[in-house]
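J.: Once you've had a glance at the structure underneath, I'll fire off some questions.
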Amino acid sequence: MTTQSLISDFNQSTTELLDALGHFSQEQLNRVPFAGSWTPGQVGQHLLKSESGVPELLRGNTRVADRDPEALAPVLRSIFLDFTTKFEAMESITPDELPKDREQLMQALQSNRDEILQLIAASDPDLLILDFPFPQLGELTIREWLTFLSAHSRRHTHQLKKMVPFLD
């Protein structure tokens, strides 16, 4: 994928995510739709927690990839766009039980994603990020991190859309 198409996909995933979160009222955002589920606000907080360190990674240590810089992109898509598989979030990115403010959450997600885009625009997308090996996959390139961010947010956008009938 070209860098521009990856950025376009990332922008589209951001729009879809914020539209899905924006569908819920403040009250609905903090209500559990069905047993065993997070609230829509917790889904948003999980995404924010999982993405909030990415700007620091993009400012961190990198090196030229000694492999195809998109080699792990199909793997990331297959993992995160398989909606039939349920995952347990790592403790560090598990949302808390506190009520979420809809506007603050959406603004924080947008702001963090805007910062990510600015940093990517100033970077070589084929570089490997060295400061945080992705669990079970190892070092990802900037392209692959962007693929992860888009696929992960699409996964949770799908989850949010499934909540709508239970909260409307």
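The values are calculated or read from the model by the stated rules, or taken from the named source; none is laboratory data. Values in this document were obtained by computation on a predicted structure and should not be read as measured data. Here Cβ is always computed from backbone atoms with ideal geometry, including for glycine, and neighbour counts include all displayed protein chains.
J.: Quick check on my filter: what residues within the stretch 1-30 are over 20 Å from residue 81 (Cα atoms), touching a Pro at 6+ places or on another chain (Cβ under 8 Å) and modelled with pLDDT of 95 or more?
T.: 24, 28, 29, 30
J.: Look through 39, 3 and report the one residue that is surrounded by fewer than 18 Cβ atoms within 10 Å (Cβ to Cβ) and among the β-branched types (Val, Ile, Thr).
T.: Unique residue meeting the criteria: 3.
J.: Could you tell me whether residue 105 is among the hydrophobic types (A, V, I, L, M, F, W, C), closer than 24 Å to residue 2 by Cα and surrounded by 13 or more Cβ atoms within 10 Å (Cβ to Cβ)?
T.: No; evaluated as a whole, the condition is false for this residue.
J.: Shifting gears a bit: On the basis of being farther than 14 Å from residue 47 by Cβ and hydroxyl-bearing (Ser, Thr, Tyr), does residue 94 make the cut?
T.: No.
J.: Next question. Somewhere in the stretch 15-25, is a residue more than 26 Å from residue 140 (Cβ to Cβ), of a type in the set (S, T, N, Q) and out of contact with any helix residue (DSSP H, G or I) (no Cβ under 7 Å at 6 or more places or on another chain)?
T.: yes
J.: Among 82, 68, which is the only one that is over 19 Å from residue 154 (Cα atoms) and not polar (S, T, N, Q)?
T.: It is 68.
J.: Residues 168, 126, 82: which one is exposed (fewer than 15 other Cβ atoms within 10 Å of the Cβ), at negative phi, among the acidic types (Asp, Glu) and modelled with pLDDT of 95 or more?
T.: 82
J.: Here's another thing I want to ask about it. Look at residue 71 and say whether it is out of contact with any Pro (no Cβ under 9 Å at 6 or more places or on another chain) and either modelled with pLDDT of 95 or more or of a type outside the set (S, T, N, Q) (or both).
T.: Yes: the conditions hold for residue 71.
J.: Pull out all pairs, ordered by first then second residue, where Cβ-Cβ is under 7 Å, the residues are six or more apart or on different chains, the first lies in the stretch 124-148 and is assigned to a helix (DSSP H, G or I), and the second is at pLDDT 95 or above and among the basic types (Lys, Arg).
T.: 147/77
J.: Surrounded by 13 or more Cβ atoms within 10 Å (Cβ to Cβ) and over 18 Å from the mean Cα position of the chain (by Cα) - does that describe any residue in the stretch 10-24?
T.: So far as the stretch 10-24 goes, yes, one or more of its residues are surrounded by 13 or more Cβ atoms within 10 Å (Cβ to Cβ) and over 18 Å from the mean Cα position of the chain (by Cα).
J.: Moving to a separate point now. Which of the following residues is modelled with pLDDT of 95 or more, among the charged types (D, E, K, R), more than 14 Å from residue 67 (Cβ to Cβ) and surrounded by 19 or more Cβ atoms within 10 Å (Cβ to Cβ): 154, 143?
T.: Residue meeting the stated conditions: 154.
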